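A.B. asks: Before anything else, here's the structure in question.
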């Protein structure tokens, strides 16, 4: 059987007890079993300097043991009020309001048709009792709701920024947990050389080592309004653009990536001091459509994101090891950040994906870039273009120059080896699947 507006909670019995005590207090007050009297006297002219006096006196005007029978009308109305006080905490506010209204109408009707000429407790006081009990219920419910919201916000702040957690606690519908497609940015942050670290540390120490890294990365992600999706081994996955929509998700994700790399220096200083291995991470950021929402089963649900954008972010993060750069972003991410300066790394084929993915290394704000850095980026663009067009001699010359002037050397050596192999095979960059110079060597790593 479904009871309308019924909504029992763990606090309902405690609220019922509180309302019951309040009802007894109000009943005894109405009967006159005990009363308080207040006297206030102004004494501003007193010689001792006293300005006023306040006196509180107790008393009673009704003896329960020597009173006449109160009559059935009295006990009926008090029973109605008692039932209301006990059961309204188990209902939602609208249901409680209906019960309070019905109780008030019942009290008035009983006293009107069957009440004594001079009732023991005035009808007005009985109606006031109903109003006070309902007001006390509303106050307790409001306090309980505030506490629940605070706990909810505290719990949610472990996964999303505190300001978003507060927003969700005020308006849970804004979370959009039904699952939907959105354009967002996904970040993967993975420890480089984790296997060698596990050999050097015992399990308890390894756990503390990882927790230090996880805490640092998570704190920065949340600071930049990101949502931590999960920890996968030694990897952190996060995304921007959900649950709260964002127009700056790509910028925020890249800013978090920058700060993680910067803050690792401080963490590594502490790790070196206590004799632990330092932390080096690679970060991949991808932007595009993905499905976000509650996914899982009846046994466990998780608010997460799935789709091609997630796969791309994870795959290009692995390329930080191949190209020896700290951060790699997809072409979609670079495209919507025109104020950021990027160096194109390659166009790679990703396992299970038909279309190749362009990869870029972010170099910072374009407005703050030095003339020398901009010159090198332009030189790099020319070298990449020459490689794609099969101009091997020009590409070789430019990449060799960049290897000496810029680096990392291993990345440009990769390009030079690719040029040598493609030149020997008589292929152009466009004829080798749309990949940039050097992909003869890089393709295998991209398909890991």
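The values are calculated or read from the model by the stated rules, or taken from the named source; none is laboratory data. Please read these numbers as outputs of a predicted model, since none were measured by experiment. Cβ coordinates were reconstructed from backbone atoms using ideal geometry, including for glycine residues, and neighbour counts include every protein chain displayed.
A.B. asks: Name every residue in the stretch 337-387 that is surrounded by fewer than 16 Cβ atoms within 10 Å (Cβ to Cβ) and closer than 19 Å to residue 248 by Cβ, in order of residue number.
C.D. replies: Across the stretch 337-387, the qualifying residues are 338, 339, 364, 365, 366, 367, 368.
A.B. asks: Based on what the data block shows, is residue 285 at pLDDT 95 or above and part of a strand (DSSP E or B)?
C.D. replies: Yes: the conditions hold for residue 285.
A.B. asks: Moving to a separate point now. Please determine whether any residue of the stretch 209-219 is within 18 Å of residue 309 (Cβ to Cβ) and either touching a strand residue (DSSP E or B) at 6+ places or on another chain (Cβ under 7 Å) or at pLDDT 95 or above (or both).
C.D. replies: No, there is no match, as no residue in the stretch 209-219 is within 18 Å of residue 309 (Cβ to Cβ) and either touching a strand residue (DSSP E or B) at 6+ places or on another chain (Cβ under 7 Å) or at pLDDT 95 or above (or both).
A.B. asks: Sort out which residues of the stretch 99-124 are surrounded by 15 or more Cβ atoms within 10 Å (Cβ to Cβ) and in a helix (DSSP H, G or I), and write them in order of number.
C.D. replies: Once the filter is applied, which keeps residues that are surrounded by 15 or more Cβ atoms within 10 Å (Cβ to Cβ) and in a helix (DSSP H, G or I), the stretch 99-124 yields 99, 100, 103, 104, 106, 107, 108, 110, 111, 123.
A.B. asks: Can you find a residue that is surrounded by 22 or more Cβ atoms within 10 Å (Cβ to Cβ), part of a strand (DSSP E or B) and modelled with pLDDT under 95 anywhere in the stretch 237-248?
C.D. replies: no
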